[in-house]
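Below is one structure; the comments refer to it alone.
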Amino acid sequence: MPKLTDPIALGAIHAPNRMLMAPLTRGRADTHAVPTPIMIDYYRQRATAGLIISEATGISRIGLGWPYAPGLWSDAQVAGWRPVTAAVHEAGGRIVAQLWHMGRLVHPDVGGGQPVSSTDRAAPGDAHVYGGKKPYVAPRALLAEEVPALLDDYARAADNALAAGFDGVQLHAANGYLIDQFLRDNTNDRTDGYGGSIDNRVRLLGEVSDRLVATIGADRVGVRLSPNGETQGVNDSDPHALFTAAARRLEEAGVAWLELREPEPGSNFGKPDVAPVHPAIRAAFSRPLVLNSDYDAAKGQATLDAGEADAIAFGRPFIANPDLVRRYTEGAPLNEPNPRTFYTQGTEGYTDYPALEAA
Ligand SMILES: Cc1cc2nc3c(=O)[nH]c(=O)nc-3n(C[C@H](O)[C@H](O)[C@H](O)COP(=O)(O)O)c2cc1C
């Protein structure tokens, strides 16, 4: 069985180790969703990850509702990303862009208009807006005739990702955002070809994946799902059947790798009431499977030893430890992440976590 320190091919991407950096929204772009110079330092510091999955990055203005999150729909955003990806490459690393449409979790104050979703029902709770939070608004149910334009937005973002120097993309189909809203039966109340049966609810995920594959090639496309349990207002009555079908559809689309965020009961990032679906997904998807949530080096290695996954993505440990790969490899102590500065602007709690002294 492989070690976390062994290389792995994720499609066209040759990762020198199996310790991936999970996607982490940090809110350090500007109000036009253009990356800022401090993001260059942040990602460069983490270039020893087997692969960096970028923070979630908006594919369109209406799809982006997180204050100070970056985008990939404008030329200015592409230009802002170029020095980031160049710095990662110069430091010997690899980086893919996580492509994000937040659906009904976008507030008009940030997205500039009424959000779209699988449904016209508002999400429970509050949206992040500049300067605080406001209750989620009722979205408009996307019309089936509008899907081609949505696919165009994904394709443009994927083209822009390569133009910006990314090594590929990860489709964000997790965590209660647009594609997850279509997948799950508590947020998909449609009566058209995108609602009802599992095949219909998986349709949008499949079409977006097919389009990304057609646009930049299957070997540059990965996907993230969060199969087990409620997240940000989405839930499903039969997650096992749904997400196994989703994995089969991704197998058919040919995407190069699949990442799952599956917190265990008792996790401090989501408290699912559903057992992990990854054993069934492993059987349905033949290419590399990456697991995430609440791993450390020992648990990650045990998971590889058990044959349950091919690589592990680490989130919060990478926030606090730019040299996490070295620390895990040497068994060195870790810095603790400070949640107070997860989404604040500026360098504090962003680029000032110390690395170990040079060996
Ligand atoms: C500050 C923060 C930002 C996050 N942003 C994203 C994101 O942009 N996209 C995403 O898919 N998940 C995001 N997540 C979830 C992480 O990728 C990961 O699933 C979670 O932190 C659990 O993994 P960990 O236990 O290794 O931290 C975020 C988590 C945190 C703590």
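Quick notes
- Per-region count, region 131-149, residues open to solvent by 10 Å² or more (accessible area, probe 1.4 Å) and either in contact with a Phe, Trp or Tyr (Cβ under 8 Å, 6 or more places away or on another chain) or of a type in the set (A, V, I, L, M, F, W, C) (or both): 7
- Screening Phe269 with (1) surrounded by fewer than 24 Cβ atoms within 10 Å (Cβ to Cβ); (2) at pLDDT 95 or above gives one miss only, at (2).
- Members of region 44-70 found to be of a type in the set (Phe, Trp, Tyr) and out of contact with any His (no Cβ under 7 Å at 6 or more places or on another chain), listed by number: Tyr68
- Figure legend. Inter-residue proximity from region 19-31: first residues of a type in the set (Val, Ile, Thr), second residues within 6 Å of the ligand (Cβ to nearest atom), beta-carbon distance below 6 Å, spacing 6+ or different chains. Indicated pairs: Thr25/Glu55; Thr25/Ala56.
- Some residue of region 114-124 being assigned to a strand (DSSP E or B), buried (at least 17 other Cβ atoms within 10 Å of the Cβ) and out of contact with any strand residue (DSSP E or B) (no Cβ under 6 Å at 6 or more places or on another chain): yes
- Screening Tyr194 on (1) closer than 23 Å to Tyr136 by Cβ; (2) open to solvent by 10 Å² or more (accessible area, probe 1.4 Å); (3) in a helix (DSSP H, G or I) shows it passes everything except condition (3).
- Residue identified as in contact (Cβ under 8 Å) with a residue 12 or more places away in the chain and over 17 Å from Trp66 (Cβ atoms) among Ala155, Ala149: Ala155
- Number of the exception - Gln45 against (1) open to solvent by less than 10 Å² (accessible area, probe 1.4 Å); (2) touching a Phe, Trp or Tyr at 6+ places or on another chain (Cβ under 9 Å): (1)
The values are calculated or read from the model by the stated rules, or taken from the named source; none is laboratory data. These numbers come from a predicted model, not from an experiment. No Cβ is skipped: glycine too gets one built from the backbone with ideal geometry, and neighbour counts run over all protein chains shown. Note: areas computed on protein heavy atoms with side chains; ligands, DNA, RNA excluded. Shrake-Rupley method; radii C 1.70, N 1.55, O 1.52, S 1.80 Å.
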